There are 2 protein chains.
Amino acid sequence: MASKMMQEPTLLLLTALADEPRHGYALIKEVDTISSGRVRLRTGTLYAALARLQQQGWVQVTGEEVVDGRHRRYYALTKDGVDALVGETARLRATVQEANRRLRLRGVTA
Amino acid sequence: MASKMMQEPTLLLLTALADEPRHGYALIKEVDTISSGRVRLRTGTLYAALARLQQQGWVQVTGEEVVDGRHRRYYALTKDGVDALVGETARLRATVQEANRRLRLRGVTA
DNA sequence: CGACATATGTCGATGATCAACCTATGCTCG
DNA sequence: CGAGCATAGGTTGATCATCGACATATGTCG
């Protein structure tokens, strides 16, 4: 399992869930913020990803509520989800370091 | 252009080309090394990616040679390719930092 | 002679994301 | 009071990078 690297929307989604549970619409705005406006999660991407991550056991629904007549469903990272995010960031950091090391060899200041 | 994030095989491919030009088969082994054996570039992925990156202007063929009766085609990063890699690593580093910051808020030592 | 490393490539399937659409409520502005 | 926007949930078909399998050829080792 989990042999293939996650894509940027998924990584940002897990990052947006890393500190506390959030509901779908809040995740879209949070990802927008985290990525400095670069990534706007589409609902198609979001709900497909949440369904997939739940099936993988990385994310789970922790509650629902109605605020001002609007329904909210909250999602949270599981222990496995936290582990996955920790592992992914470690691997990415290593790759980024290696890329920058090679760029410096070439004379590029990264 | 270049709105969508590159995937891990592409990132590793650019990283493998970051210090010096390499030929296809050498890129497969180099990516394997960089990723500590985690990512084995399939030739389907490699040559499709090289074709795509050439069309994007990030990679170009810099020479060909025959060594021990075997044909080698060398690929290198262009200026745009270097810029793309620098930008990508900067964005990834920022996301990784943000993910780790949130994980620490949760009490996870990343 | 058979197997393996080196070297380049093609092709159909898979799957994550995108773009576009849908429903519904509450608030604000004119 | 009606239009438009932000909030909140979702589905569906298309796109495209990657995967897995296959194809071809040479040099080397046992």
Q. So which residues in region A:95-109 are assigned to a loop (DSSP other than H, G, I, E, B) and more than 7 Å from chain B (Cβ to nearest Cβ)?
A. A:107, A:109
(Q) Suppose we keep only residues that are assigned to a strand (DSSP E or B) and more than 9 Å from DNA strand C (Cβ to nearest atom) within region B:67-92. Which one would you say is surrounded by the fewest Cβ atoms within 10 Å (Cβ to Cβ)? (A) B:76
Q | Flag if residue A:63 is away from DNA strand D (no atom under 15 Å from the Cβ) and exposed (fewer than 15 other Cβ atoms within 10 Å of the Cβ) | A | no
(Q) Going through B:92, B:11 one at a time, which residue ends up being away from DNA strand D (no atom under 11 Å from the Cβ), hydrophobic (A, V, I, L, M, F, W, C) and either closer than 23 Å to residue A:31 by Cβ or more than 13 Å from every other protein chain (Cβ to nearest Cβ) (or both)? (A) B:92
Q.
Looking only at region A:32-66, filter to residues that are assigned to a loop (DSSP other than H, G, I, E, B) and more than 10 Å from DNA strand C (Cβ to nearest atom); which one of those is nearest to residue A:21 (Cα to Cα)?
A. A:58
Q: Would you tally the residues in region A:14-48 being more than 14 Å from every other protein chain (Cβ to nearest Cβ) and within 12 Å of the chain's Cα centre (by Cα)?
A: 2
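Listed here are the residues, each with its yes/no results for (1) more than 15 Å from residue A:92 (Cα to Cα); (2) in contact with an Asp or Glu (Cβ under 6 Å, 6 or more places away or on another chain); (3) of a type in the set (A, V, I, L, M, F, W, C).
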| site | (1), (2), (3) |
| --- | --- |
| B:13 | no, no, yes |
| B:28 | yes, no, yes |
| B:44 | yes, no, no |
| B:69 | yes, no, no |
| B:74 | yes, no, no |
| B:79 | yes, no, no |
| B:87 | no, no, no |
| B:95 | no, no, no |
Q: Identify, by number, the condition in (1) more than 30 Å from residue A:42 (Cβ to Cβ); (2) surrounded by fewer than 16 Cβ atoms within 10 Å (Cβ to Cβ) that residue B:56 doesn't meet.
A: (1)
Q: Return yes or no: is residue B:31 loosely packed, with under 15 Cβ neighbours inside 10 Å, within 12 Å of DNA strand D (Cβ to nearest atom) and β-branched (Val, Ile, Thr)?
A: no
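Since every read-out is calculated from the coordinates, none of them should be taken as a lab result. Since this is a predicted model, take the numbers as computed values, not measurements. So basically every Cβ, Gly included, is an ideal-geometry build from the backbone, and we count neighbours across all protein chains shown.
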